[in-house]
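Peer 1: Got a structure for you, written out below as structure tokens; questions coming shortly.
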Amino acid sequence: MTNRRTDLGREVEAALEEVLAHVRGRAQLPCRIVDDPAAEHIVALRKRMKLSRKKFADSFGLDARAVQEWEQGRRVPDRAARVLLTVIDRDPEAVIRALGK
């Protein structure tokens, strides 16, 4: 074992110091808030697009059962799904183009 500090170790220390400063209110860290994953928001998005759950799920590569669970409030979309829902909300055609449909 060595007592020598590595570059990676110094980076980790610096990151932890930054986190502690943020927690203590001494520093602001950048953050990005992804749209609200509330059930009502997901239902409204799908209805605005005039799609059934199955058609919505199929159109955007989602699991129909997951969409149902989100809409009924039994599950909350994970971070990746929230990002996808945000893009669908803002530019559904971009997702359709990206998926090659």
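The values are calculated or read from the model by the stated rules, or taken from the named source; none is laboratory data. Treat the numbers as computed from the prediction; the structure is a model and nothing was measured. Here Cβ is always computed from backbone atoms with ideal geometry, including for glycine, and neighbour counts include all displayed protein chains.
Peer 1: Return the residues of the range 11-34 that are charged (D, E, K, R) and at pLDDT 90 or above; say none if nothing qualifies. Talk me through it step by step, then tell me what you get.
Peer 2: Pass one, the range 11-34, residues charged (D, E, K, R): 11, 13, 17-18, 24, 26, 32.
Once the filter is applied, which keeps residues that are charged (D, E, K, R) and at pLDDT 90 or above, the range 11-34 yields Glu11, Glu13, Glu17, Glu18, Arg24, Arg26.
Peer 1: Can I ask one more? Among the residues of the range 45-56, is there at least one that is in contact (Cβ under 8 Å) with a residue 40 or more places away in the chain and of a type in the set (A, V, I, L, M)? Give the steps one after another, and end with the answer.
Peer 2: Within the range 45-56, the subset in contact (Cβ under 8 Å) with a residue 40 or more places away in the chain is 45, 49.
From the residues that got through so far, the ones that are of a type in the set (A, V, I, L, M) too are 45, 49.
Yes: one or more hits.
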